[in-house]
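For reference, the structure I am asking about is given below.
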């Protein structure tokens, strides 16, 4: 085995915040950094340090940005600058890789626009820059499996930009033992002149400055219906079981449209939402069976099913003797200020969240809720961003949030106290697939 280079100076003098990041890094590290902070420099040096220290056979490390041209423009010259200080380094300009002396470690530049070039490769470490623009499947289906052989590491660096892979990983890292995430704002790094920071703050819209320079994931765009902060706050709420007894219990059922979409059943009991049932690849008859089972177990006061894709499910559930209400997302709203039913349901759901609604702490649900934007049409009616547009932007359909929105299709009366008293004589009748939980008397 080739002997690794034991000690070499690259002339890199880290700033205080960069030194803190180098020391704090764990196997999976997510760093939210403001524009012009020096995050690419940090990533390149991390790759070089790990590559030079590696004692593994044929070490292989990767720097990735959303596009290959972008990756080459922002990282390739930096990588060559440092490796030229290492006599014996092999530099390949056409394939954008360097091979280091001593242990033969290889570092290569890749673009997220051609992730298939990484399929089948074994990675010992990767830096993913501008993560907000990386497709989720690049990490989930290609890069992450490539790190498994030798338990390689990943460093995610970027600036917040709405709901995407970056925000998902940043929040997920808070709850996992081998993950770490943190934020460095423009006031933490001292990377920019103070007067320039004040100019940017003065001249930029407040939300944009918060995202770009304060790295605020919660800074919603002007047209964002539900902010990430509101979804996160809702997920942190805890309600006692006694609080929801007299609130209506409603099932929302969203039926998959395409092969990669999900069919979802959501139970909302007043202000409390319970973990959804999510199904992939089920035909309508099989899914209808799950819906009927949920109705039998939960005995909801109302069941609202997406009519656009769920006609077969609706017919089958009715054949099984259950009363359900079909809801057309594009149908007429109760309130004429909304363009259609879907916009109205989502806006009512947003009001419910702000009134104290509690959701399970699920990354996909939080991201779904914070995904849509809204606008106004020529008649000044409020309209929600289309499901197809959302899917094109975040690479998945917000099916779970749509199922929850369906629980707001129409007002539902509170449960009669006599009925509740009878159920209390038979413990478990109302718990079914979701078990106990919290809630409150949101009467809608």
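We did not get these values from a lab; they are worked out from the coordinates using the rules stated. These numbers were taken from a predicted model, which means no experiment stands behind them. No Cβ is skipped: glycine too gets one built from the backbone with ideal geometry, and neighbour counts run over all protein chains shown.
Multiplying the sequence separation of residue 355 and residue 93 by 0.36 nm and subtracting their Cα-Cα distance, what value in nm do you get? Mind dumping the intermediate values first?
Values: separation 262, 0.36 × 262 = 94.32 nm, distance 5.78 nm.
Full extension from residue 355 to residue 93 adds 88.5 nm.
Quick one: give the max-minus-min coordinate of the C-alpha atoms of the chain along each principal axis, largest first, in Å.
Computed over the chain, the largest-to-smallest principal extents equal 83, 52, 40 Å.
Report, in deg cm²/dmol and to the nearest 500, the calculated mean residue ellipticity at 222 nm for the chain, where each DSSP H run with n ≥ 4 adds -39500 (n - 2.57) and the sum is divided by the residue count. Please list the in-between numbers first.
Details: 16 runs with 142 residues, N = 444.
Roughly -9000 deg cm²/dmol at 222 nm, from the helical runs in the chain.
On C-alpha positions alone, give me the angle between the axis of helix 194-203 and the longest principal axis of the chain, in degrees, nearest 10.
Roughly 30 degrees between the two axes.
Between residue 240 and residue 199, what FRET efficiency comes out of the Förster formula 1/(1 + (r/R0)^6) with R0 = 51 Å and r the beta carbon distance, rounded to 0.05? Mind showing how you got there, number by number?
On the way: r = 50 Å, r/R0 = 0.99.
Efficiency, from the Cβ-Cβ distance: 0.50.
Rank these for me by crowding, 83, 343, going from fewest to most other beta carbons within 10 Å.
If I rank by nearby Cβ atoms, fewest first, I get 83, 343.
Quick one: angle between helix 284-298 and the longest Cα principal axis of the chain, in degrees between 0 and 90, rounded to 10, please.
The answer is roughly 70 degrees.
I'd like the orientation of helix 341-354 relative to the chain: the angle between its Cα long axis and the longest Cα principal axis, in ° from 0 to 90, rounded to 10.
With rounding to tens, the tilt is 80 degrees.
Would you list 35, 99 from fewest to most Cβ contacts within 10 Å? Please list the in-between numbers first.
Details: 35 14, 99 17.
The order, fewest Cβ neighbours first, is 35, 99.
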